[in-house]
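I have placed the structure first, in the form of structure tokens, so that the comments after it can refer back to it.
Values quoted throughout were computed directly from the atomic coordinates according to the rules given, and no laboratory measurement underlies them. Worth saying up front: this structure is predicted, and the values here are computed from it rather than measured. A quick note on method: Cβ atoms are made from the backbone with ideal geometry, for glycine too, and the neighbour counts reach across all protein chains shown.
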Amino acid sequence: MVDYRCEVEISAVRVRPGDLVFADIDGVLIVPREREGDIVVAALQKARGEKLVRKEIEAGATASAAFRKYGVL
């Protein structure tokens, strides 16, 4: 080990101690510590909307109708 709790840059993306790092098979997301609250709130709101859309589609609505109603897919 050379260092820890230090800033790194990977492919022009800066990652600092305290930033949130999410990764899955599709890629990696870095959330800067100073934006964490806003971004987490927005992500939860989008997830709630997606849940409503799923219920509409399961009840027989088309995807386009559900999108018009909720603005998310």
- Those residues that are surrounded by 12 or more Cβ atoms within 10 Å (Cβ to Cβ) and in contact (Cβ under 8 Å) with a residue 12 or more places away in the chain, I need them from region 57-73; list them, please. A66, F67, K69, Y70, V72, L73
- Message: Being over 18 Å from V72 (Cβ atoms) and out of contact with any Gly (no Cβ under 8 Å at 6 or more places or on another chain) is true for just one of D38, D24. Which residue is that?
- Response: D24
- Only residues that are more than 17 Å from the chain's Cα centre (by Cα) and on the phi > 0 side of the Ramachandran plot: list them for region 45-73, please. G60
- Answer yes or no: is there a residue in region 35-56 that is surrounded by 12 or more Cβ atoms within 10 Å (Cβ to Cβ), in a strand (DSSP E or B) and of a type in the set (A, V, I, L, M, F, W, C). no
- Taking region 1-34 and keeping residues in contact with a strand residue (DSSP E or B) (Cβ under 6 Å, 6 or more places away or on another chain), surrounded by 12 or more Cβ atoms within 10 Å (Cβ to Cβ) and farther than 30 Å from F67 by Cα leaves V15, D19
